[in-house]
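One structure below.
Values in this text are rule-based calculations from the coordinates and carry no lab data. The model shown is predicted, which means the values in this text are computed figures rather than measured ones. Positions of Cβ are backbone-derived with ideal geometry, glycine not excepted, and every protein chain shown enters the neighbour counts.
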DNA sequence: CGCTATTATTTGATGACTCAACTACCATAG
DNA sequence: CTATGGTAGTTGAGTCATCAAATAATAGCG
């Protein structure tokens with residue numbers, strides 16, 4: 001994880017959480033998520049998400065949209081610039097994953113590892129896809 | 001990791017790094033290590049270690065000793081109280097590891113996991129010993 | 001010996017997170 | 001309608017790490 005963070009930061013000025021935020025938003029319906037759901041996905045507190053999105057909004061990678069049905073909620077929305085950034089950063093991300101994991105394990109072993117980790121509580125995080133030929137949400 | 005931290009903190013007022021520090025010191029020759037070697041083991045910067053040890057010294061779990069041969073180095077030394085604390089905390093640690101990992105995998109699978117992780121760069125951290133019946137440095 | 005580079009450590013500033021407290025809103029039961 | 005309780009989000013204070021710079025000592029080369 002450390003190395004992913006470093007490379008993303010160096011090459012795209014993104015933290016690992018910045019990247020994951022863009023990734024989750026890009027996969028969500030209409031590129032939008034409630035901040036609180038984002039918090040859960042990222043394993044952050046709502047407070048942490050507020051500050052994280054402060055940064056992403058400031059550089060125009062995400063925006064906000066009010067919910068017409070519930071005035072409490074604000075949606076975070078990925079922007080066109082955000083999607084573009086995600087496409088670039090995904091290459092870096094995939095490359096580092098491959099370098100860190102994929103290149104050290106055969107496809108079979110990778111799947112084994114994924115299975116074992118998936119069996120652990122909270123182990124649903126490990127995304128084996130992105131560790132070899134996988135392009136995580138490059139679309 | 002999150003859960004380990006929480007339980008150690010709740011039951012012994014120790015952070016995960018506090019615990020690991022005591023563990024490494026207890027295993028070292030004379031219960032002493034140079035601060036910089038400790039930094040490497042803990043994957044912290046020297047700066048981080050300074051602040052971490054500030055806390056442990058304040059509550060008397062570690063002490064410091066000058067190196068007679070090199071005035072630049074200070075050894076961090078585990079105290080008797082530190083060893084006692086480590087014995088207690090190790091039980092908690094082992095219990096949480098078992099709960100989190102050991103109880104979800106068979107011994108064979110645990111070893112498989114350990115092997116796979118060990119093959120990864122920096123994967124020498126995972127200590128399969130402590131995840132089932134293992135008592136990590138309870139001596 | 002004297003200079004330079006390297007090593008061990010500490011300090012100050014900063015960043016990213018947490019928690020606790022607060023605001024604002026929604027839902028429901030009377 | 002109104003009080004009660006739960007949910008979404010922000011803010012302020014504190015924690016734990018980092019980096020960059022400063023200090024002090026050592027090592028080795030001329």
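Quick look at the numbers
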quantity	calculated
Number of partner chain Cβ atoms within 10 Å, mean per residue of A:102-113	2
All-pairs alpha carbon distance profile, the stretch A:31-84, 5 Å steps from 0, percent	5, 21, 29, 28, 15, 3, 0
Neighbour-count ranking [beta-carbon atoms within 10 angstrom, fewest first] of A:78, B:36, A:101	B:36, A:101, A:78
Rounded tilt (10° steps) of A:107-119 against the dominant C-alpha axis of chain A	50 degrees
Cβ-based exposure ranking for A:20, A:5, A:58, in which fewest neighbours within 10 Å come first	A:58, A:5, A:20
Whole-number Å³ per residue for the convex hull built on Cα positions in the stretch B:52-114	145 Å³
For B:114-124, mean number of other protein chain Cβ atoms within 10 Å	4
Relative contact order %, chain A, counting alpha carbon pairs below 8 Å whose residues are six or more apart	23 percent
Debye intensity ratio I(q)/I(0), log10, the protein assembly as shown, q values 0.07, 0.08, 0.14 Å⁻¹ (C-alpha model)	-0.34, -0.45, -1.14
Taking the C-alpha atoms of the stretch A:3-125, convex hull volume expressed per residue in Å³	122 Å³
Ranking of A:26, B:76, A:90 by count of other Cβ atoms within 10 Å, fewest first	A:26, A:90, B:76
In degrees, nearest ten, helix A:80-100 long axis to first principal axis of chain A (Cα)	20 degrees
Helix B:16-27 vs. chain B, principal-axis angle (Cα, 0 to 90°, nearest 10)	80 degrees
Highest-fluctuation residue, A:32, A:89, A:71 considered, GNM on chain A with Cα pairs under 10 Å	A:71
